[in-house]
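Everything on this sheet refers to the single structure shown next.
Nothing in this text is a laboratory measurement; each read-out follows from the coordinates by a stated rule. Only a predicted model underlies this, so the values are computations on that prediction, with no experimental measurement involved. Backbone-built Cβ (ideal geometry, glycine too); neighbour counts: all protein chains shown.
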């Protein structure tokens, strides 16, 4: 029982990272009808930006701000360089462009920084606290805390602000949105910036738990992609629930069945969903809110 | 000077010439209806006016200024609001939110837009009880009301209405046209209709469009008076009630 509680905590922690990246997937998918295959690289780039900023002597909080600003800028560049020129084409050229961007980002970092994995310290000095039978790792606590805040922010932003409504309108019917005077290109720009920052946050948060490596992006993105399918593709709540569920399942699987097959469990669940419930957990709704 | 003037407008979709030189005008304060069969180019005309379709040649003058080739966001800011075919109410937003977004063409505080949206329900009392219902849960007639209310939120000087009666039960069509006759007190309307009888019943002037060209224009009673024209373009021999 104690072990189960401990695993649940860790699982939710790692699941929260998947949830954040999955949220980025979903928001871009809804705005552009395209899966952004570079979403994982956003996490990787942000983690490296963090490492570079700290090596440059910035305090942790300043490095954090620099990394997030860098991600916002990357979101702008990505939108203008990858999506915008192809926006009137079908989804296929855009998807291929995001795959190309993902390869470009990974190899640019490789060329600049070399293949050695880097270590990023966590935010807190103290490694964690013991609460009853469960040891709460401080970095996992931070991940869970930030994710809760972001989910609340996301809800407030999309449900309570007029800008959020315009973003939703754009994702539901771009032509109609433009007829109302909503600047569709601005809305899509905001979506890319927001998704890049979300992905970046996930990368910075998870970096102290993993190593900072070129491959970290694709590993996280694969899991996050699985999470969006489990949750119901294109569904915001589904992305979050799917991410958390996946984190918990793979953590329990690793502990009780087999550690080497940890990554396998995520895909086993994914395959099971694709066979038995391809629409995902929330997939049956006719239409839903962001 | 007419509020809207279209001169020799040509619109091509690839190889297909949807409009082959359309010339017509809408006077300030009028309701003008554009009649014609399926594929005659009625919707394309509206799409060209609102900026969704790029004119190949010809000109569109709004208040004397050329708007041909401008984007839809710029055109709606100038005061032309387009309620497109199929209503296009955002399915995942509530009725109130849909209506509020109609004011996206102008700068106003959210609280003011919210009040104006509430006031819209006085003109459309039938949808008041669906204020917080999501768009996809509404029926066709209700969607049409929401779409028109949303179009009016732009405070347009010219309202473009595309097939508001399409797919609606006759009693709902009556309700929609009653609203159009109320709108006309403040707003100039360009109305596209397949239902010639309904279109002409509210219009001051009508044009008949055939395969991308205006073949006829006149006052409603003139259009109805011509037996051959009525049979060919207006569908049937029914007597107009208005």
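The table for this structure:
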| item | result |
| --- | --- |
| Exercise: per-residue mean of other protein chain Cβ atoms within 10 Å, B:90-103 | 5 |
| Peptides B:16-27, A:258-269, B:146-157 ordered by average Cβ neighbours within 10 Å, highest first | B:146-157, B:16-27, A:258-269 |
| Contact order relative to length of chain A, as percent, for alpha carbon pairs under 8 angstrom and 6 or more apart | 36 percent |
| Average partner coverage of B:45-57, which counts Cβ from other chains inside 10 Å | 1 |
| R0 of 30 Å, Cβ-Cβ distance residue B:59-residue B:139: FRET efficiency to nearest 0.05 | 0.15 |
| Shape metrics for the protein assembly as shown, restricted to C-alpha atoms - Rg then Dmax, Å | 28.0, 92 |
| Fewest-first ranking of B:211, A:191, using other Cβ atoms within 10 Å as the exposure measure | B:211, A:191 |
| Base-10 log of normalised Debye intensity for chain B (one unit scatterer per alpha-carbon) at q = 0.07, 0.14 Å⁻¹ | -0.22, -0.90 |
| Among A:75, A:253, A:132, residue whose mean-square fluctuation peaks in a GNM of chain A (springs only between Cα atoms under 10 Å) | A:132 |
| Choice from A:233, A:155, A:42 showing the highest fluctuation, given a GNM over chain A with Cα pairs closer than 10 Å | A:155 |
| Convex hull volume per residue for segment A:63-147, taking Cα atoms only, in Å³ | 162 Å³ |
| Relative contact order (%) - criterion: Cα under 8 Å, at least six apart; region: segment B:1-62 | 46 percent |
| Cα-Cα pairs of segment A:2-282 separated by more than 26 Å (percent) | 42 percent |
| Of A:203, A:232, A:164, the one that fluctuates the most in a GNM where chain A has Cα springs shorter than 10 Å | A:164 |
| Partner chain coverage, peptide A:61-72 - average Cβ within 10 angstrom | 0 |
| Folded to 0 to 90 degrees: helix B:170-183 orientation relative to chain B principal axis, Cα | 90 degrees |
| For segment B:167-218, alpha-carbon Rg relative to the globular expectation (2.2 N^0.38 Å, N residues) | 1.23 |
| Antiparallel %, DSSP beta bridges [both residues in the protein assembly as shown], to 5 | 60 percent |
